[in-house]
Structure formats: C-alpha cells, structure tokens
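**Student:** Just dropping this structure here.
The values are calculated or read from the model by the stated rules, or taken from the named source; none is laboratory data. All of these numbers come straight from a predicted model, not from anything done at the bench. Positions of Cβ are backbone-derived with ideal geometry, glycine not excepted, and every protein chain shown enters the neighbour counts.
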Amino acid sequence: MSLQDWKQHRRPFAAIASAPLFWLVLFFLVPMGIVWLYSFGQNSGPADIAITGTLDNYKRATEWLYLSIFGKSLAVAALVTLICLIIGFPVAMAITFAAEKWRPWLLLAIMLPFWTNLLIRTYALMMLMGSNGYANRGLGALWDGASWLKTLVGLQPLEAWAPVPLLYNNFAVVLGLVYVHLPFMVLPLYSALDRLDKSLIEASLDLGAGHFRTLTKIVVPLAGPGIAAGVMITLIPALGAYLTPDLMGGTDSQMIANVIERQFKRANDWPFGAALSFLLIYAMFILVAIQSLRGDRKKEAR
Amino acid sequence: MSEADPIIQIRGVTKRFGKHTAVDNVSLDIKSGEFFVLLGPSGCGKTTLLRMIAGFELPTEGQILIDGQDMAGIPPNKRPVNMVFQSYAVFPHMSVAENVGYGLKIAGVGRAERDERVREALQLVSLGGFEDRKPDQMSGGQRQRVALARSLVMRPKVLLLDEPLSALDAKLRAQMQFELSDLQDKVGITFVTVTHDQDEALSMASRIAVMNKGDIAQLASPSDLYEYPANRFVADFVGSVNVFEGKLTLDEPDRAAVECPGLGKVYLNHGVTGPHGADVWIALRPEKIYLHVPGEGKAIRAAGQDAPEDHNLARGVIKGMSYLGDITLYEIKLDNGAMIRVSRPNLSRHDQEHFTWDDRVSMHWRADSPVVLLG
C-alpha cells in the first residue's frame with residue numbers, strides 16, 4: 001500500500017499520520033500559539049501575563065528604534081547571503097567538476113563543521129581573531145618583518161604594531177555569520193550544478209562562447225533554482241541569528257534576535273518579546289511567499 | 001581547395017587516460033565534403049577521437065590539423081567545427097530561436113542577419129515556425145533538429161555528430177538517416193559521425209573507419225567494408241557472419257581452396273596470395289548461403305555453379321529459426337557439429353513454412369561469396 005492510496009485506506013493512513021501530527025501540534029503549534037497570544041497581552045505581575053487583546057506591543061515594536069534594528073538585521077543577513085553566494089558558487093563549481101573519487105571527501109569537508117557545536121566553533125573563531133589571536137599575531141609578524149626590511153635598507157623602522165580590532169564589531173558579526181552559513185549555501189548550489197548536463201557547457205563552448213559567457217548565459221540561469229534555494233536557506237537563519245552577534249558583535253552590532261532575547265530575559269517583558277518574534281516570523285513568511293510565488297510563475301511560463 | 005583535399009588530418013594521435021589508452025596512434029585523413037563515420041563498439045575510442053577534433057580532449061601525442069591548421073592549443077570555441085551532442089544539449093531555458101541564434105549572437109552577428117539565418121537554418125531542418133517553442137515542448141526528434149540547426153547556422157567547416165540517432169526510436173532513426181544524408185548533400189559541409197550502429201554507418205557514410213580498442217581496424221566504403229572485410233573483427237562487427245578456421249590448400253591467381261574442419265571444403269574463384277598451408281579464416285555471410293531440401297542441391301549446382309563437385313556444400317539439421325518478417329533466420333547444426341547461420345528472404349507469404357525445426361537441409365554458396373581472412 002502506498003500513501004497515495006490514503007483515500008481508500010483512511011484508517012491506516014490516520015494511524016501513521018497521527019504520531020507526527022500529535023508531535024507537531026503539541027510541540028510546535030501550541031507553543032507558537034501561546035507566544036502569539038502573549039503578543040496581545042501585558043505584564044500583570046512579575047510572573048503573570050494578562051491577555052488583554054492590546055496592540056500596544058506591536059505599536060512599540062514598530063517604533064523607529066526597533067524597525068531600524070530590523071532593517072539592520074536584514075541588511076546584515078543580505079550581505080552575509082551575498083558573500084556566501086560569491087564564495088559558495090565557485091566552491092560548488094569546483095566540487096562539481098572535481099574527480100569522482102574526490103567529491104564525497106570535498107562534500108564531507110563542507111559538512112564537517114556541522115559535527116562541531118556552534119558555540120565551540122564560534123569560540124574557536126574568536127580565539128583566532130582576538131587582539132592577541134593568531135590572525136593578529138601573524139599580521140604583527142609580517143609588520144615586524146617589513147619594519148626590519150626597512151631598517152636593512154637604511155630607512156626608519158615602522159612604528160610599533162597595533163593589533164587590528166577584528167572582534168566585537170560589525171565586521172566580526174558578518175565574518176562569523178558567513179563562516180557559519182557557508183555550508184547552507186554550498187550544498188543546494190552543488191546539488192543544482194551537479195544536475196546540470198555538462199554537455200550544455202560544452203555546447204556553449206562549441207558555439208564560440210568563452211568560459212565567462214558560458215557561466216553567465218548558461219550555468220547561472222540553469223542553476224537559478226539552486227541559487228534561490230541557497231539564498232533562502234542562508235538568509236532566513238542569518239536573519240534570526242542570535243549567538244554570533246551576541247558573542248562576536250560589539251555594542252552597536254546587536255541583531256533583532258538579541259533584542260528579542262533581552263525582552264524574554266533581562267527585561268522580563270514577554271508580551272513585547274512575543275510581538276517582536278512574530279514580526280520576524282511575518283517577515284520570513286513574506287520572503288518565503290515571494291520565493292514560492294516566483295517559482296509558480298516560472299512553472300506557468302513553461 | 002579541391003574536393004579531395006583532406007579537411008581533417010589526424011597524425012599519430014594517441015590519447016591516454018591514466019594507464020588506459022583510449023586512442024592508440026591513429027592516423028587518418030577526412031576529405032572535404034565527405035560523410036565520414038567512425039564506427040565501433042562502446043569503448044573503442046571513437047567518441048574520444050571525435051572529442052579531440054572538437055577540442056574537448058587534448059591528444060596525449062600526435063597532431064590534429066583542420067583545414068591545414070594545427071589545432072594544438074586552440075580551444076573548442078575557436079575551432080572551425082561544431083558538434084551535435086548525443087544528449088542534443090539544447091539549452092532548456094532558451095526558445096528554439098534563441099538556441100539556434102546563440103552562436104551567432106556570441107559571434108556578434110547583427111539582429112537582422114541573425115534572425116534571417118536562424119529562420120533559414122530552421123527551415124533547413126524542417127522546423128520552420130517553431131522559433132518561439134521551448135525545448136521541453138518538443139519531441140526528442142525535434143530537439144535533435146534544433147541541435148542540428150544550431151550547429152549548421154554557424155557554417156562550420158566540419159560538423160561533428162556524436163551518436164546522433166541513438167536516442168530516437170527505430171522508425172524515426174531510419175527516417176533521420178535519410179534526412180542526414182540529404183542535409184549533408186544540401187549544405188556540402190563535411191560530416192564526421194560517431195556511431196556504434198552498423199546500419200546507421202552503412203546507410204549514411206561515404207567512408208567508414210571501424211575502430212577497435214583505440215585502433216582503426218579498417219577504413220573503407222560501406223560496401224567494401226561489408227563485402228571485403230579486412231579481418232575477423234570487422235567481418236563480425238559489421239553485419240552478421242559465420243567464421244570458420246581453415247588451412248589454405250590451393251592458391252593460384254584465379255582460384256583458391258580452403259579446408260575447414262568445421263565447414264568442409266571451400267572453393268574460391270579468385271586467388272588469396274597467402275602462403276600454402278597457412279592458417280586462415282573463412283567468413284561467410286548468412287544471406288549468401290542457399291538453403292534447400294537434400295537432393296535438390298545437385299540440380300541447382302549443376303545449373304551454373306563453378307565449384308568442383310564436393311566443394312562449397314554442407315548438410316545439417318535446423319536447430320533454431322527466428323521469423324523476422326522480411327527474412328527468416330535459421331540456426332543449423334552441421335553434420336560435423338559446427339553451427340552455421342543462414343538467412344532466407346521471405347519472397348512469398350508462405351515461404352517461411354518451407355523449412356522448420358529438425359528438418360534436414362543442405363546448403364551451398366557461390367565461389368565468390370566466402371571471404372578469406374588472414375587475421
């Protein structure tokens with residue numbers, strides 16, 4: 001029996017579907033519903049929330065201060081996605097064209113970071129980028145070397161090395177997010193490029209196009225769905241990123257998830273935090289809707 | 001440049017992939033305007049050779065000249081050849097007109113001229129009016145025509161076709177064989193086709209190079225290839241054939257005889273020029289063997305046969321038959337145990353009822369039918 005026959009076999013279908021349905025309702029829809037209700041309430045005591053149906057939380061959430069943080073989060077996420085695409089596309093191409101026996105290993109290398117805890121990876125990255133980290137030490141050594149070379153030819157030595165502030169700023173947040181999200185971009189791109197008939201590339205070359213033109217006219221358009229999938233799958237988690245800006249960002253680089261976290265913890269204003277959360281969820285819904293509408297239009301155009 | 005000048009010269013080309021030698025020191029000339037076919041089983045190196053002409057593979061050794069120019073270091077997009085791919089490689093995100101106009105656009109041909117040439121090319125492959133179609137709205141045969149038009153519109157010196165008909169069904173394939181020959185006549189471009197299908201090769205080619213294990217086994221016209229195969233590989237690969245081992249017992253300018261333990265005494269009405277007593281092979285095509293009821297043979301042979309009494313004659317029992325419509329194929333066990341295949345045209349509707357399983361039959365063949373193979 002296949003699941004397509006569910007109309008003929010309602011009872012077994014219900015038996016199979018009930019467990020996941022129960023799971024989804026209990027652990028996903030119910031908590032979401034509670035948070036959604038909170039967003040229409042107000043604090044009535046240190047641990048009590050009265051659902052009053054007020055829209056004050058949403059009013060406050062759409063104030064300029066919070067909207068600007070929203071906007072900034074979106075900008076950071078978009079930048080991260082763009083950088084991931086620029087780095088990820090050649091990587092995915094390289095894996096696609098690598099020899100058969102190397103491909104599984106290269107894919108493994110892309111997925112390896114997932115096997116390590118995000119927190120540990122982030123701390124490792126921070127150790128690398130701290131003012132006394134390896135990156136700064138390496139740069140310092142180069143600087144000293146350059147200084148020594150200058151004295152060698154009789155010039156004044158360079159001034160003492162001042163470590164570059166690599167951490168606790170927006171740069172660190174973007175770099176950290178790119179580091180975390182790159183695999184999300186590479187995998188869908190790889191799967192799209194791998195499905196591409198290689199003789200299309202050869203046909204383009206055969207008809208006189210150079211490699212660059214073949215890339216822009218053939219490879220990129222045909223990898224379009226993969227690119228769209230990679231962009232969505234990178235943009236959405238980057239938009240809700242919490243850990244990376246928290247650990248690697250400075251005072252001015254908080255993203256919307258950090259603001260939400262503060263409402264639930266330090267500020268103890270759950271209704272407002274709930275309203276902010278739902279604004280973020282709505283924004284993501286809109287992104288996904290745009291994406292799927294575009295997909296539908298393409299299918300119709302065929 | 002005259003017709004007979006080689007448009008493609010392949011000189012001592014070898015291609016190795018790691019330890020595997022795909023093409024082994026091949027030299028051959030392809031003449032301008034010819035329909036040249038590279039024929040061979042899969043893995044014989046024919047596609048690799050074609051891809052080296054196109055520039056997708058580089059020879060490990062040797063030289064390829066197109067129109068007198070050495071192609072070493074010249075990338076595929078700069079070569080005066082175009083290719084029709086086995087999968088057609090029609091760009092799925094472009095319309096038919098965009099596909100056909102792609103190369104012209106890259107070459108910087110203006111809009112008006114481009115449209116005109118695209119229209120002409122589509123007309124040439126009988127796809128006029130299909131300009132705005134998308135490839136996924138077309139059948140395999142139509143997509144192949146798009147691929148053909150896309151290459152022909154570039155007016156290449158040589159058109160390379162990689163297994164052009166392998167993805168089509170039998171009827172369409174037969175039709176396309178004629179159309180391709182026709183098209184080649186019309187445009188006058190040199191065609192170089194790779195195929196593993198001998199019917200395709202025989203029906204379209206002006207010359208065929210049969211390849212085996214990276215080497216050219218024979219280079220000849222279709223009829224020469226079929227009637228005068230140079231070796232056992234070619235005899236067996238091109239068409240169906242019965243091969244028997246034997247010893248050369250008589251070899252004079254106008255006649256020869258071979259003793260085959262499997263088949264009997266074989267008489268030929270021409271010389272072989274092999275050493276007396278040499279080990280040779282006799283190749284005999286199934287359609288060149290006459291089948292008859294024992295006893296009738298003598299009368300038929302007396303009526304105009306040229307071989308001595310006990311030569312070119314065999315007897316056996318039908319062990320298998322397959323009715324193919326136009327012909328019937330018989331598997332016959334000879335009295336000495338060897339098997340032989342004989343085909344017989346069904347000249348009338350009831351012909352195939354003449355002979356059936358376990359019938360005793362006798363066979364004979366003309367003295368110019370067997371081919372003596374030395375290798």
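**Student:** Go through (1) within 29 Å of B:ILE332 (Cβ to Cβ); (2) surrounded by 21 or more Cβ atoms within 10 Å (Cβ to Cβ); (3) at pLDDT 90 or above; (4) not basic (Lys, Arg) and name the single condition B:GLU227 misses.
**Tutor:** (2)
**Student:** Looking only at region B:316-362, which residues are free of Cβ contacts under 8 Å to residues at least 24 places away in the same chain, in contact with a Leu (Cβ under 9 Å, 6 or more places away or on another chain) and assigned to a loop (DSSP other than H, G, I, E, B)?
**Tutor:** B:ASN346, B:HIS354
**Student:** Output the number of the condition that A:SER68 fails; it satisfies all remaining conditions of (1) more than 16 Å from the chain's Cα centre (by Cα); (2) buried (at least 19 other Cβ atoms within 10 Å of the Cβ); (3) among the hydroxyl-bearing types (Ser, Thr, Tyr).
**Tutor:** Unmet for A:SER68, out of (1) more than 16 Å from the chain's Cα centre (by Cα); (2) buried (at least 19 other Cβ atoms within 10 Å of the Cβ); (3) among the hydroxyl-bearing types (Ser, Thr, Tyr): (2).
**Student:** A follow-up question, please. Please verify whether A:GLY71 is farther than 25 Å from A:LEU187 by Cβ and part of a loop (DSSP other than H, G, I, E, B), treating the condition exactly as stated.
**Tutor:** no
**Student:** Right, next: Within region B:230-258, can you find the residues that are without any contact (Cβ under 8 Å) to a residue 40 or more places away in the chain and buried (at least 19 other Cβ atoms within 10 Å of the Cβ)?
**Tutor:** B:PHE233, B:VAL234, B:GLY246, B:ASP251
**Student:** Further question on the same structure: Take A:VAL178 and tell me if it is among the β-branched types (Val, Ile, Thr) and modelled with pLDDT of 95 or more.
**Tutor:** Taking the combined requirement at face value, the residue satisfies it.
**Student:** Could you check how many residues of region B:140-176 are of a type in the set (Ser, Thr, Tyr) and either crowded, with 23+ Cβ neighbours inside 10 Å or free of Cβ contacts under 8 Å to residues at least 24 places away in the same chain (or both)?
**Tutor:** Adding up the residues that qualify gives 1.
**Student:** Scan region B:111-126 for residues that are out of contact with any Asp or Glu (no Cβ under 9 Å at 6 or more places or on another chain) and within 14 Å of chain A (Cβ to nearest Cβ) and jot them down.
**Tutor:** B:ARG114, B:ARG117, B:ALA121
**Student:** Within region A:179-199, does at least one residue satisfy the condition of being within 14 Å of chain B (Cβ to nearest Cβ) and touching a Phe, Trp or Tyr at 6+ places or on another chain (Cβ under 6 Å)?
**Tutor:** For region A:179-199, residues within 14 Å of chain B (Cβ to nearest Cβ) and touching a Phe, Trp or Tyr at 6+ places or on another chain (Cβ under 6 Å): present.
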